[in-house]
Amino acid sequence: MDVRMDGRVAVITGSSTGLGLAMAKEFAASGASVALLARKMDALTAAKAEVAKAAGKTNAKIEVYSCDVAKAQPIADTWKKVVADFGKVDIVVNNAGISHAKAFDTVTDEDWQGDLDLKLFAAIRLLRLALPGMRERKWGRVVNVLNIGAKAPGADSTPTSVSRAAGLALTKALSKENAPHNVLVNAMLVGLIESDQWQRRHKAANDGKTYEQFLEGMAKGPSRSVASASPRNSPAWPASCARMPAPSSPASPSTSTAARVRWCRAGCSTHQHLMLRRPRSGRLEAWATRTTPVPTLRDARCARSSG
């Protein structure tokens with residue numbers, strides 16, 4: 001499927017690496033102009049070259065902006081620069097944030113505030129600037145990148161799970177407010193996606209394990225009961241999976257783990273969940289998610305499918 005985004009302007013936060021960069025490349029390849037926001041200019045410069053290459057011969061304009069979205073003033077200042085450079089913003093992807101999960105008793109006030117500033121207030125402040133223009137033009141798309149902990153938080157998952165749950169509530173409220181103006185606000189709940197933050201965490205652990213062993217441990221997790229699934233069939237998915245094809249049927253099983261693993265689509269083209277069937281209860285539980293961000297921008301059913 002060839003989804004064109006010619007003439008559209010997208011702002012993506014946290015887009016110098018990982019999923020944000022993967023989305024920027026796909027948007028540019030589809031003809032959209034992209035403003036990449038992140039903190040480190042050296043990483044942004046490298047990302048700009050990758051996105052420009054992905055854009056190929058399209059008319060996409062690519063610009064980068066060093067911005068700490070955890071703070072209000074940098075967001076306001078950067079927004080003015082983006083509007084001056086592009087003239088408008090049609091699409092906002094709130095993607096900034098890293099995993100910050102630990103036991104509740106160990107989370108300090110500073111941890112709570114820092115996580116909320118980065119993952120919740122960054123989206124609030126950016127959308128406060130973006131939504132009026134979208135409503136005026138009667139066209140806009142917002143994608144808030146969250147994780148599956150927003151709906152199914154586990155033990156030792158604070159503060160991230162709480163910040164993400166608040167992000168999901170924000171998404172639902174804004175989707176209902178803005179739908180009459182043809183401004184669609186969706187949430188993308190991701191599971192394990194192999195990205196640079198896991199590479200950094202593996203390096204920091206320095207426990208003698210290979211990177212593949214580290215990913216296998218991440219895929220298993222203490223509360224996911226996936227030890228019976230082969231690591232080859234249950235990887236942490238790379239960010240480049242953003243345009244992997246959908247399964248032929250919502251219930252089509254994996255060829256190698258048909259009894260335990262199957263795909264389940266959530267009623268739209270936005271996210272596909274890898275489900276594991278518990279051997280005794282037979283109950284299906286979401287373990288990981290892969291995403292198709294480009295169709296998200298035109299699929300209004302996503303807000304309904306999130307429950």
One residue is enough: does segment 65-72 have a residue meeting the conditions more than 21 Å from V185 (Cα to Cα), assigned by TED's automatic domain parsing to the domain that holds L131 and at pLDDT below 95? no
Looking at V82, V64 in this structure, which one is crowded, with 20+ Cβ neighbours inside 10 Å and not in a helix (DSSP H, G or I)? V64
Are any of the residues in segment 25-45 closer than 25 Å to E177 by Cβ, aliphatic (A, V, I, L, M) and assigned to a helix (DSSP H, G or I)? no
Single condition Q113 does not satisfy, out of (1) surrounded by 15 or more Cβ atoms within 10 Å (Cβ to Cβ); (2) polar (S, T, N, Q); (3) free of Cβ contacts under 8 Å to residues at least 12 places away in the same chain: (1)
Selection count where residues are touching a residue at least 40 places away in the same chain (Cβ under 8 Å) and under 24 Å from T158 (Cβ atoms), scope segment 73-110: 12
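Collect the residues in segment 125-155 that are surrounded by fewer than 18 Cβ atoms within 10 Å (Cβ to Cβ) and under 20 Å from H181 (Cβ atoms), keeping them in residue-number order.
The answer is R128, P132, G133, R135, E136, R137, K138, W139.
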Within segment 34-81, can you find the residues that are within 20 Å of G7 (Cα to Cα) and of a type in the set (G, A, S)? A35, A52, A54, A55, G56, A60
Can you find even one residue in segment 167-182 that is within 14 Å of the chain's Cα centre (by Cα), under 21 Å from L37 (Cβ atoms) and buried (at least 21 other Cβ atoms within 10 Å of the Cβ)? yes
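From the list G18, G31, G87, pick out the single residue that is within 23 Å of R135 (Cα to Cα) and touching a Ser or Thr at 6+ places or on another chain (Cβ under 8 Å). Explain how you work it out, then say what you get.
Details: G18 fails: within 23 Å of R135 (Cα to Cα); G87 fails: touching a Ser or Thr at 6+ places or on another chain (Cβ under 8 Å).
Sole residue among the options that is within 23 Å of R135 (Cα to Cα) and touching a Ser or Thr at 6+ places or on another chain (Cβ under 8 Å): G31.
Which of the following residues is modelled with pLDDT of 95 or more, in the same structural domain as A22 (by TED's automatic domain parsing), aliphatic (A, V, I, L, M) and not in a helix (DSSP H, G or I): A165, A130, A169, A187? Write out each step before concluding.
Working: A165 fails: not in a helix (DSSP H, G or I); A130 fails: not in a helix (DSSP H, G or I); A169 fails: not in a helix (DSSP H, G or I).
Just one listed residue meets the conditions, A187.
In segment 21-40, which residues are under 17 Å from D90 (Cβ atoms) and surrounded by fewer than 24 Cβ atoms within 10 Å (Cβ to Cβ)? Working first, answer last.
Of segment 21-40, the ones under 17 Å from D90 (Cβ atoms) are 23-24, 26-37.
Answer for segment 21-40, where residues must be under 17 Å from D90 (Cβ atoms) and surrounded by fewer than 24 Cβ atoms within 10 Å (Cβ to Cβ): E26, A29, S30, G31.
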Starting from segment 173-193, take each residue that is under 30 Å from L215 (Cα atoms) and list its partners that are at pLDDT below 95 and of a type in the set (F, W, Y), counting only C-beta distances under 7 angstrom and pairs at least six apart or across chains. G191/W287; L192/W237; I193/W237
I need the full set of residues from segment 48-61 which are part of a loop (DSSP other than H, G, I, E, B) and aliphatic (A, V, I, L, M), in order please. A60
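The values are calculated or read from the model by the stated rules, or taken from the named source; none is laboratory data. Because the structure is a prediction, the values reported are computed rather than measured. Note: ideal-geometry Cβ built from the backbone for every residue, glycine included; neighbour counts use all protein chains shown.
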